[in-house]
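Written out below as structure tokens is the structure these notes cover.
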Amino acid sequence: MLLAQTVFETRMLLRNGEQLLLTVIIPSVLLVLFSSVDIVAADGPGKRVDFLAPGLLALAVMSTAFTGQAIATGFERRYGVLKRLGASPLPRWALLTAKTGCVLVTEALQVALLTAIALALGWSPHGNPLTVAALLVLGTAAFSGLGLLMAGTLRAEATLAAANLVFILLLLAGDVIVPLSKFPAAVQRVLELLPINALSDGLRSVLQHGAGVPWADLGILGVWSVLGLAAAARFFRWE
């Protein structure tokens, strides 16, 4: 049942043109555009793609685990889909696990696509792949918790507006395409605590600079994961 629901959730996502645009096409277009055109300067030495690729991998995780999942789950809740599935033989924990499985499958496709594009643009990644995987998994957990919390507490229309607004704001202020050093020092200290900043900074420190384990970034993502998932489990309403 869990495998069947995971496959179903993934097929539904891939058939949804709006979600596919958000989760796959936008990060790919941004990677090609900002790597090819001198609009945003990279933070430090190296090619623009070396700075942009880790940040856009983080954006891909956020777009799928947070924005896309929040919007889809919010409308499923509004139309009574979650209520009916919750009353089916499929356990509720299995339904949420299937949604997480769908997110992970989609992210694997995103990472493969963005990596291929970045390598074609001259990207030279460094670092330990296991560290990168740990950052991506913790980032997924953090954004999934926040996405489910939003979808399970707000009206579907409010979730749609809020999720897209957060996506745009964090695209600009999340150290994705605009270096965090461009912001005032006081603002930087606040932005550094956001999950998108921790994920993009951690990925960049490993993939661009070849650093070891970014414990501070992992710690921030771990805190957001615990808080987000705990809040979603506590406040999520099925109808």
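The values are calculated or read from the model by the stated rules, or taken from the named source; none is laboratory data. What you see is a predicted model, and the numbers here were worked out from it, not measured in a lab. We place every Cβ from the backbone using ideal geometry, glycine too, and count neighbours over all the protein chains shown. The area values use the complete protein model at the heavy-atom level, side chains included, leaving out ligands, DNA and RNA. Shrake-Rupley method; radii C 1.70, N 1.55, O 1.52, S 1.80 Å.
Quick rundown of the values:
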| read-out | value |
| --- | --- |
| Answer from 106, 115, 140, 159 - the residue that is hydroxyl-bearing (Ser, Thr, Tyr) and open to solvent by 10 Å² or more (accessible area, probe 1.4 Å) | 115 |
| Options 67, 100, 73, 6; residue that is more than 19 Å from residue 116 (Cβ to Cβ), open to solvent by 20 Å² or more (accessible area, probe 1.4 Å) and in contact with a Gly (Cβ under 8 Å, 6 or more places away or on another chain) | 6 |
| Test set (1) more than 14 Å from the chain's Cα centre (by Cα); (2) of a type outside the set (A, V, I, L, M); (3) crowded, with 20+ Cβ neighbours inside 10 Å - residue 174 fails condition number | (1) |
| Residue in the stretch 69-78 that is modelled with pLDDT of 85 or more, aromatic (Phe, Trp, Tyr), under 22 Å from the mean Cα position of the chain (by Cα) and more than 30 Å from residue 181 (Cβ to Cβ) present | yes |
| Filter result (in contact with a helix residue (DSSP H, G or I) (Cβ under 8 Å, 6 or more places away or on another chain) and of a type in the set (D, E, K, R)) within the stretch 168-223 | 175, 192, 201, 204, 217 |
| Any hit, the stretch 4-20, residues being touching a helix residue (DSSP H, G or I) at 6+ places or on another chain (Cβ under 8 Å) and hydroxyl-bearing (Ser, Thr, Tyr) | yes |
| Residue within the stretch 125-133 that is open to solvent by 70 Å² or more (accessible area, probe 1.4 Å), within 21 Å of residue 63 (Cα to Cα) and free of Cβ contacts under 8 Å to residues at least 12 places away in the same chain present | no |
| Tally of residues being within 19 Å of residue 124 (Cβ to Cβ) and open to solvent by 20 Å² or more (accessible area, probe 1.4 Å) across the stretch 202-216 | 6 |
